[in-house]
1. Where does each of B:256-267, B:173-184, A:128-139 land if you order them by average Cβ count within 10 Å, highest first?
2. Quick one: among A:187, A:176, A:73, which has the greatest mean-square fluctuation in a GNM of chain A with alpha-carbon springs under 10 angstrom?
3. How far is helix A:48-60 tilted off the main Cα axis of chain A, in degrees rounded to 10, range 0 to 90?
4. Rounded if a/c is under 1.5, else prolate if a/b beats b/c, else oblate: with a ≥ b ≥ c from the C-alpha gyration tensor eigenvalues square-rooted, which is segment A:118-221?
5. Taking every residue in B:99-112, how many Cβ atoms of other protein chains lie within 10 Å of its Cβ, on average?
6. Against the longest alpha carbon principal axis of chain B, how many degrees, from 0 to 90 and to the nearest 10, is the axis of helix B:135-147 turned?
7. Quick check: the distance between the Cα centres of segment A:126-183 and segment B:1-79, to the nearest angstrom?
8. If you take each beta carbon of peptide B:148-156 and count the beta carbons of other chains within 10 angstrom, what is the mean?
């Protein structure tokens with residue numbers, strides 16, 4: 001156990017950074033994820049298939065391609081990057097925020113899929129009943145739909161978190177591999193494997209990343225079961 | 001309250017074209033399945049938007065396609081009880097009941113939690129989850145939930161159709177109580193003669209998307225030809241009576257009506273209580289002289305006011321018994337043998353045992369509030 005926890009400062013930073021990046025990526029993806037899932041589950045509009053394809057793109061493209069596309073659009077000279085830097089002071093390139101963006105984008109299709117499925121399973125007649133009781137569509141969503149899709153939300157969030165913990169290709173392409181700034185667990189493991197005598201560090205970080213992923217998975221299972229039991233839908 | 005509806009709506013190759021007005025305490029939309037009653041009630045609730053037409057409640061226009069008015073359902077303040085209770089599965093019974101209050105302006109909240117819970121006998125269910133309730137309990141909670149939103153009009157879409165007979169008998173008294181003790185006008189969709197005869201003050205009969213007849217329940221129920229084929233056996237006169245006294249020795253209740261005393265199996269009601277009974281036309285025999293040596297206990301004297309052809313080899317005969325109309329369905333042969341004719345003095349004979357819970361109403365079960 002001592003051997004496992006006896007990390008160098010750089011290794012600790014990689015662990016902390018990974019958890020921070022994955023958490024921010026997950027939380028920031030939730031609102032747009034819910035919105036898009038709602039649109040895809042309920043909306044009827046021209047170009048829905050196209051939108052669905054776009055959302056799923058990061059799942060099928062090589063991660064390096066996604067990372068490069070992010071670099072082109074959100075990089076220092078990319079149009080979106082310039083716009084956000086000038087108007088909001090948000091800079092992505094070679095910062096941990098860029099790693100979070102890359103991880104969020106890569107996990108987005110998984111999150112949207114999980115939420116969309118749970119929205120499609122909601123009985124719309126129950127929502128109509130809330131409408132006859134005086135709730136406007138927004139209140140119906142907040143008080144009825146949202147609680148009913150909570151298990152799906154949790155599943156989607158955990159998938160996104162797990163994906164972010166493991167994301168490598170898009171992150172390293174977009175924001176490189178800078179210790180203390182963009183070096184997440186996978187990047188750190190990769191770095192260890194590239195230097196002589198780095199095997200021990202690589203193994204340590206590998207074990208830590210397994211533990212974090214398992215904890216997240218078990219936590220989501222427990223949470224989903226508790227929510228499910230509370231609702232007790234026939 | 002006056003509800004006025006005049007709409008045209010198409011869905012696929014089915015069209016509803018209905019026009020009626022009603023000011024009743026409980027107006028039944030009555031007809032076989034596929035007659036357009038549910039479409040009509042969904043239009044009134046605002047769950048559907050009509051192709052054309054106008055709907056107004058007490059002068060407040062909810063839909064007017066010509067004036068481009070469409071009040072959205074959450075602004076209508078019209079309560080709705082669905083066939084499947086549609087309780088919110090993630091909230092307790094108490095939470096379900098309170099839901100509509102949040103969206104009712106406080107100046108318009110007339111429904112009181114305690115009163116509604118008492119009215120429906122659901123005080124012991126408040127902490128439970130909807131999944132733990134029986135079908136009848138769910139439906140009572142759904143009625144309470146709609147009432148507690150303090151609606152201006154309550155719509156009930158076949159609220160008993162998915163329940164078995166025992167559960168129906170459990171809920172009917174509560175709906176009667178709701179009709180008599182609250183001031184909320186009710187529109188009640190049903191295909192059952194028993195429910196309509198027992199509950200409704202007014203009936204709108206629908207057939208193939210059109211209004212076939214509309215009027216007070218007693219008058220509409222006389223028209224056996226309006227009933228759907230499978231319900232025709234249930235058709236008959238509807239009489240409003242009063243409990244005169246109970247005959248404890250023989251387990252009977254004596255009801256007073258303009259036609260005279262009517263003996264029915266004992267009812268759990270106090271003397272003086274109003275009881276609406278339905279006398280199935282097929283249960284009524286006709287005698288040309290006052291019969292003697294007969295087991296049937298109810299013999300009502302009257303005059304034949306109408307003779308109408310029935311289905312198959314039957315005729316339907318209306319007998320005016322001192323102002324109360326009793327219907328009898330007899331065979332063509334009996335009519336011929338007895339030489340029955342308009343204006344003739346006859347006796348209507350009804351066995352006491354032909355009355356049952358479905359025709360007299362069982363009253364509230366004694367342990368209702370337990």
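Bear in mind these aren't lab numbers, they're just calculated from the coordinates by the rules spelled out. Bear in mind the structure is a predicted one, so any value in this text is a computation, not a measurement. Ideal geometry is used to build each Cβ from the backbone, glycine not excepted, and the neighbour counts take in all protein chains shown.
1. Ranking the peptides B:256-267, B:173-184, A:128-139 by packing returns A:128-139, B:256-267, B:173-184.
2. Taking springs between Cα atoms under 10 Å, the residue moving most is A:73.
3. 30 degrees
4. Note, shape of segment A:118-221 comes out prolate.
5. Taking all residues of B:99-112 together, the mean is 2.
6. Between the helix axis and the principal axis of chain B, the angle is about 60 degrees.
7. Spelled out, the Cα-based centre of one part sits 40 Å from the other.
8. 1
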